[in-house]
Amino acid sequence: MLRHIVMWKFNEGINIPRLGEEIKTSLLDLCERMSEVEHADVVYNILPTSTHDIILILDVKDKAALDRYSLSREHVAIVDSLIKPNTNSRVAIDYFV
């Protein structure tokens with residue numbers, strides 16, 4: 001199994017609860033529809049000691065499954081409409097569990 005973790009930092013002035021919930025709902029709805037995704041979680045109500053504002057934790061079978069998820073039209077639409085315009089930092093790590 002491959003774990004994909006991505007963290008983003010929101011732009012100044014973003015309503016984190018509103019946008020966080022919209023991103024969470026959009027990503028989790030997508031993950032539920034994709035057989036490639038074995039488990040997914042999105043967290044945005046993090047402690048002030050954190051360096052980023054929202055995190056995606058995604059488990060898929062293998063690299064091919066991650067590619068199908070990340071290149072899907074629905075995922076690209078979420079990234080282009082909700083994530084990229086509202087964030088200024090992204091860090092990610094992928095590793096085998």
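How many residues are farther than 29 Å from I14 by Cβ, among the charged types (D, E, K, R) and buried (at least 19 other Cβ atoms within 10 Å of the Cβ) if we restrict to region 37-65?
The initial filter retains those residues of region 37-65 that are farther than 29 Å from I14 by Cβ, namely 38, 61-65.
Restricting the remaining residues to those that are among the charged types (D, E, K, R) gives 38, 61-63.
Retained after the next criterion (residues that are buried (at least 19 other Cβ atoms within 10 Å of the Cβ)): none.
Residues meeting the conditions: 0.
Here is a check on your reading of the model: is I5 under 20 Å from A64 (Cβ atoms), outside any helix (DSSP H, G or I) and at pLDDT 95 or above? Reasoning before the result, please.
Details: under 20 Å from A64 (Cβ atoms): yes; outside any helix (DSSP H, G or I): yes; at pLDDT 95 or above: yes.
Yes: the conditions hold for I5.
Taken together, Y69, Y95 contain a single residue that is surrounded by fewer than 11 Cβ atoms within 10 Å (Cβ to Cβ) and either of a type in the set (F, W, Y) or in a loop (DSSP other than H, G, I, E, B) (or both), which is Y95.
The values are calculated or read from the model by the stated rules, or taken from the named source; none is laboratory data. All figures in this text were calculated on a predicted structure; none of them were measured in a lab. Note: ideal-geometry Cβ built from the backbone for every residue, glycine included; neighbour counts use all protein chains shown.
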